[in-house]
Amino acid sequence: MDIVSECLAELLSVFGNEAPHQSTISRWYGEMKRGRVSLSDDPRENVDAVRKLIIKDRHVTYREIETAIQKILHEELGVRKLVSQQKAARVNWCQKTLDCFNSGNSKNVYSIVSGDESWIYCEEKATEVIRSRSVSKKMVATFVSKAVITELRKINPERRIILHQDNASSHTTQKTRQYLTEENVELLDHPPYSPDLSPNDFFTFPKIKNRLRGQRFQSSEEAVDAFKNAILDLPANEWNKCFEN
C-alpha cells in the first residue's frame with residue numbers, strides 16, 4: 001500500500017465520510033515532500049487560481065468561475081455542501097432530541113455521554129502544526145471504555161448510559177456496536193456532516209488543543225498526560241459554556 005492510500009485508510013477509519021478526498025491527501029503529500037511544513041492555505045494560491053482562469057479566457061463568466069471553485073472545493077478539498085435532505089435531517093434530529101429530553105428538562109440528559117477521538121502531536125507549534133509521518137503522535141479518545149463504564153456505574157450498577165457520537169466508521173462497525181450492546185449502552189443517533197452538533201468537535205478538542213499550543217512533548221505518553229490534565233483543569237463554568245451556546 002502506498003503512503004497516500006495508507007493515509008486515506010487511516011483518516012477514513014477515524015473520520016469516516018468527513019475524511020479528506022484522496023486527491024487532497026495526494027496534493028498535500030506532494031507539498032510536504034517538497035518541503036512545505038505549514039497547513040495554512042496560502043491566500044495567494046486562491047487569487048492566482050482565479051487569475052489563471054481569466055488569463056486563459058478573458059470572456060470567462062462568473063458562473064464558470066463559480067463552477068471551477070466548486071470543483072476545487074468538492075474534488076480537491078473534499079468540502080461537502082449539505083443538500084436539502086441533509087438539512088431537513090438535522091432539523092428533524094434536533095426536534096426529535098428536544099422532544100425526547102423535554103427540551104433539556106428531563107433528568108435523562110444526565111445519562112448522555114459524548115464520545116469521540118482525535119490526534120494530538122508531540123510538537124504543537126503556536127502558529128502551525130507539523131503533521132508528517134516522522135512526527136510522533138497519539139490518538140486520544142473521550143469514549144465509554146470498560147473503565148469509564150465501571151466508574152459511571154460505581155454507585156448505581158443499573159445506571160442508564162446514552163452514548164452520543166458521530167458517524168465515523170470506527171463508531172459504526174459491528175464490533176463497536178456489539179461491544180456497546182454487551183455493556184448495555186444505548187446509542188443516540190447523529191445526523192451526517194454535523195460536527196457542530198457534537199460537543200467534542202465544536203468544544204472539547206478545539207478548547208484543549210488550544211491550551212496545548214506552543215508546547216513540546218518528549219513522548220506520545222507525555223502528550224496524552226498533558227491532554228488529560230488539561231481536561232481535568234478545565235473549570236466547571238467553561239463546561240457550562242459548551243451547553244449554553
>> Within region 197-245, take every residue that is aromatic (Phe, Trp, Tyr), within 27 Å of Asn92 (Cβ to Cβ) and out of contact with any helix residue (DSSP H, G or I) (no Cβ under 6 Å at 6 or more places or on another chain) and give me the one that is surrounded by the most Cβ atoms within 10 Å (Cβ to Cβ).
In response: Phe205
> Taking region 141-183 only, how many residues are surrounded by fewer than 11 Cβ atoms within 10 Å (Cβ to Cβ) and either touching a Ser or Thr at 6+ places or on another chain (Cβ under 9 Å) or not in a helix (DSSP H, G or I) (or both)?
Replying inline: 5
>> List the residue pairs whose Cβ atoms are under 7 Å apart, where the first residue sits in region 40-60 and is at positive phi, the second is modelled with pLDDT under 55 and of a type in the set (D, E, K, R), and the two are 6 or more positions apart or on different chains.
In response: none
> If you scan region 190-227, which residues turn out to be touching a residue at least 12 places away in the same chain (Cβ under 8 Å), among the charged types (D, E, K, R) and part of a helix (DSSP H, G or I)?
Replying inline: Asp201, Lys207, Lys209, Arg211, Glu221, Glu222
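The values are calculated or read from the model by the stated rules, or taken from the named source; none is laboratory data. A quick note: this is a predicted structure, and the numbers were derived from the prediction, not measured. No Cβ is skipped: glycine too gets one built from the backbone with ideal geometry, and neighbour counts run over all protein chains shown.
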